[in-house]
Amino acid sequence: MKNCIFHKILSCRGIFSAITVMALSAALPAQEPSRPDTAAATGLKERLSLTIEEALVLGRERTIASKENENLQLKAEWRYRNYRADRLPGITLGGTLPVLNRSLNTYQRPDGVYTFVPNNYLSENLSLGIRQAIPFTGGELYIETYLERMDQLGAAGYGSFLSVPFSVTLSQPLFAYNPYRWQKNTEPLRYEMSRQEYAARLENINITTVSRYFDLLMAWSDLESARQNLRNASDLYSVAKAKEKIGTISDSDLMQLRVGLLNAEADVVTAENEYLDRMNTLRTYLGLDETVEIVPSVPEGKSVPYADLGEIIRKARENNPMYSDFRLRLTEAEANVVKARRERAPDVSLYVSVGATGSDRDLAGAYTHLMNRQIARIGVSIPILDWGKRRGNYEQAKSDYALEEAKVEREEVEFNESVRALAADFIDQQHLTGVYNEADAVAQERYGIALKRFAVGDISVTDLNFAEQEKDSARRNYIYQLYLSWLYYYNVRYVTLYDFETGSVLL
């Protein structure tokens, strides 16, 4: 009799286990979980499926950082244009139309007594000049034509013209610092560095976009896992309640499953809040409408198999603005030394102006009866006693140059080491991405097996919870590894300004 009852119990447990396995199999995670449904709860009106490539395009086109980058580059363009314009001839038209002067002026008579005499005239003048810098010598050449008419007012008034048909003027410092020479070295280098910095800032925008996109993707994945775990916990608890009726589960395991169900519900609420927060951050950064719900997708790992350590370091030295900055800082420091040394010498300047001039009551006569116009002047300023100020400036400039040289040398070593470390990490990440992908797939499969084994009573609730934790951890590790592969890829582009996929410079 007992054997008959025992066999009936075994038969019932077998049927129950089969039903349980079928129920749990339906609850197993799919390869591509469904996306979170948050629109109804948050008032979002539109769902936007956004890949990371699309997010990168939006980041380069619509973010505030991209607009600031465009503005900075535009300013650099105009600075370089102004530098080039300073070396080209400039034409200036000037004049006064008219000048009226009715006043009393001081006048000294032959006997030495001062008196006041009336001054009453009307004048107009017009000039046209061409100014050309001489970069080789630091001087300036000026060609001008000038015309003036003056009319004395009053009963005995008359008018006359003063003309300068042409004059050529040279202003030349002889031993002074020549800024044009040093600008020829610094300004093209500064412009090249601005182009490199523009490309580097674009890559920095890409890095920020990647970070914020994967923040959202991680939150999205956590929410998917939390909802999946809640469904599984609910199914497991229902199965456990059925087991309780036939006495095949302990009260402790049942309570543990109940606690797991409550924790799963709390995890869903937390994950939803985190997902919405991360989505709002990315949405604001990309300039998207606040009613859009962004749904990310899991990308492939980013890798460039044929990029080696030596090539990455070489491209960084060729293209990174850091090296342009090193050269610019040293050139400017050297220019300051030269300037301070020249300021210790006597200041000698040459001014020469030659041409023709004429004056007559008639306009034609002012251009007919001409005479030579010659002006020459040599100015000298010799420092005699300055209490060592000029020497102090020179020694300070030399000290600054030595310090800048040492700083550049140290910064170059540090930068090279950071590039070397980054390149090595990037190369390693390409292998690790595949490792974590396989680990994720194994953990997902193991969790599915654990669910089935728990249904037939082969493992405990503790083992099942551990398998679930491993499954969630493996998925997070895989997504984080994907993030690292993209992050290192764009960091390599940032320091090299080189696209290893297309083999082209990013300038």
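Averaged across orientations, what area in nm² does the convex hull of the alpha carbons in segment 251-318 project? Write out the running numbers ahead of the final one.
Values: hull surface 39.4 nm².
For segment 251-318, averaging the hull's shadow over all directions gives 9.8 nm².
Taking a temperature of 4 °C and a viscosity of 1.567 mPa s, what whole-number D in µm²/s does Stokes-Einstein yield for segment 335-464 with Rh from Kirkwood over alpha carbon pairs?
52
Under 13 Å from a label point 7 Å along Cα→Cβ of Val352: give me every residue in segment 111-154 with its amide N that close.
Residues 140-142 qualify, since their backbone N sits under 13 Å from the label point.
What number comes out for the charge environment of Glu274, summing +1 per Lys or Arg and -1 per Asp or Glu over other residues with Cβ under 10 Å away? Before the final figure, lay out the partial values.
Working: positive: Arg278; negative: Asp215, Asp222, Glu272, Asp277.
That works out to -3.
Please report the base-10 log of the normalised intensity I(q)/I(0) for segment 165-222, using a Debye sum with one equal scatterer per alpha carbon and no solvent, at each q in 0.14, 0.28, 0.31 (1/Å).
-0.68, -1.04, -1.11
Expressed as a whole percent, how much of the Cα-Cα distance distribution for segment 63-131 exceeds 21 Å?
Roughly 66 percent, rounded to a whole number.
Hey, if you put +1 on the Cβ of every Lys and Arg and -1 on every Asp and Glu Cβ in segment 386-457, which of Asn437, Tyr394, Val456 ends up farthest toward the positive end of that dipole?
With unit charges placed on the Cβ atoms, the residue in question is Val456.
Percent of alpha carbon pairs in segment 245-381 separated by more than 25 Å?
77
Tell me the Kirkwood hydrodynamic radius of segment 115-270 in angstroms, computed as one over the mean inverse distance between distinct C-alpha pairs.
Values: mean 1/r = 0.0384 Å⁻¹.
Result for segment 115-270 stands at 26.0 Å.
Under the 0.36 nm per residue contour assumption, what length would be gained going from the current alpha-carbon distance of Asp499 and Trp387 to full extension? Provide the component values of the computation, followed by the final result.
Numbers: separation 112, 0.36 × 112 = 40.32 nm, distance 5.79 nm.
Extra length from Asp499 to Trp387 when fully extended: 34.5 nm.
Could you tally the net charge around Tyr191, taking each other residue with its Cβ under 10 Å from the Cβ of Tyr191, Lys/Arg +1 and Asp/Glu -1?
Overall, the nearby charge balance is +2.
Compute, for Met279, the solvent-accessible surface of its heavy atoms (probe 1.4 Å) with the complete set of protein chains present, and express it in square angstrom to the nearest 10.
Approximately 0 Å² for this residue.
Add +1 for every Lys or Arg and -1 for every Asp or Glu among the other residues with Cβ under 12 Å from the Cβ of Leu58, and state the total.
Numbers: positive: Arg60, Arg62, Arg212, Arg283; negative: Glu53, Glu54, Glu61.
Net charge around Leu58: +1.
Would you kindly calculate the translational diffusion coefficient of segment 314-371, applying Stokes-Einstein with the Kirkwood radius from alpha carbon pairs, for 20 °C and a viscosity of 1.002 mPa s, and quote it in µm² s⁻¹ without decimals?
125
Could you rank the peptides 320-328, 88-96 by their average count of other C-beta atoms within 10 Å per residue, with the highest value first?
On the way: 320-328: 18.8, 88-96: 10.4.
Ranked by mean Cβ neighbours within 10 Å, highest first: 320-328, 88-96.
Given +1 on the Cβ of Lys and Arg, -1 on the Cβ of Asp and Glu, and no further charges, what dipole in debye does the chain carry about its Cα centre, rounded to the nearest 20? It would help to have the intermediate numbers written out before the result.
Values: 59 positive and 68 negative charges, 190 e Å.
Using only the charged Cβ atoms, the result is roughly 920 debye.
Top to bottom by accessible area (1.4 Å), largest first, where do Ile378, Ile294 land?
On the way: Ile378 115, Ile294 0 Å².
Result, largest first: Ile378, Ile294.
Can you pull the percent of segment 268-312's accessible area that's carbon plus sulfur, 1.4 Å probe, other chains left in place? List each step's numbers first, then the result.
Working: 1040 of 2160 Å².
Ligands and nucleic acids excluded, carbon and sulfur reach 48 percent.
Can you compute the helix-only [θ] at 222 nm over the chain? Use -39500 (n - 2.57) per DSSP H run of at least 4 residues, normalise by all residues, nearest 500 deg cm²/dmol.
Taken over the chain, the calculation gives -22000 deg cm²/dmol.
Sorted by accessible area (1.4 Å probe), largest first, how do Phe136, Phe161 line up?
Phe136, Phe161
What is the angle, in °, between the Cα long axis of helix 179-246 and the longest principal axis of the Cα atoms in the chain? Nearest 10 is fine, range 0 to 90.
Helix 179-246 and the main axis of the chain meet at about 20 degrees.
Suppose R0 equals 51 Å. What FRET efficiency, 1/(1 + (r/R0)^6) with r the Cβ-Cβ distance, do Ser127 and Ser399 give to the nearest 0.05?
0.60
With axes computed from alpha carbons, what is the tilt in degrees of helix 461-496 against the longest principal axis of the chain, rounded to the nearest 10 within 0 to 90?
20
Under the rule of at least 5 residues apart or a separate chain, name every residue whose amide H is placed under 5 Å from the amide H of Ile294.
Leu48
Mind giving me the FRET efficiency for Leu363 and Glu140? R0 is 51 Å, r the Cβ-Cβ distance, nearest 0.05 is fine. Intermediate results must be reported in sequence, preceding the final value.
Working: r = 31 Å, r/R0 = 0.60.
After rounding to 0.05, the efficiency reads 0.95.
So what does Val117 come to for accessible area, using a 1.4 Å probe and Å² rounded to 10?
The accessible area comes out at roughly 50 Å².
Rg (Å, one decimal) plus Dmax (Å, integer) for the alpha carbons of segment 48-202?
When restricted to Cα atoms, segment 48-202 yields Rg and Dmax of 28.6, 101 Å.
Where does each of Lys398, Lys315 land when they are ordered by accessible area, with a 1.4 Å probe and the largest first? Intermediate results must be reported in sequence, preceding the final value.
Working: Lys398 85, Lys315 35 Å².
Heavy-atom accessible area, descending, gives Lys398, Lys315.
Keeping all protein chains in position, work out how much accessible area His431 exposes to a 1.4 Å probe, and write it in Å² to the nearest 10.
Per-residue accessible area (His431): approximately 130 Å².
State the percent of C-alpha pairs, over all pairs in segment 428-507, separated by a distance greater than 21 angstrom.
Here the long-distance tail beyond 21 Å is 48 percent of all Cα pairs in segment 428-507.
Using only Cα atoms, figure out Rg for segment 133-204 and give it as a multiple of 2.2 N^0.38 Å.
Numbers: Rg = 24.4 Å, N = 72, 2.2 N^0.38 = 11.2 Å.
It is 2.18.
HN-Hα J couplings of segment 69-75 from phi, Karplus 6.51/-1.76/1.60, θ = phi - 60°, integer Hz, Gly and Pro as x?
Karplus values, whole Hz, x for Gly and Pro: 5, 4, 5, 5, 5, 4, 5.
The values are calculated or read from the model by the stated rules, or taken from the named source; none is laboratory data. Only a predicted model underlies this, so the values are computations on that prediction, with no experimental measurement involved. Backbone-built Cβ (ideal geometry, glycine too); neighbour counts: all protein chains shown. Ligands, DNA and RNA are excluded from the accessible area calculation, which covers all protein heavy atoms including side chains. Shrake-Rupley method; radii C 1.70, N 1.55, O 1.52, S 1.80 Å.
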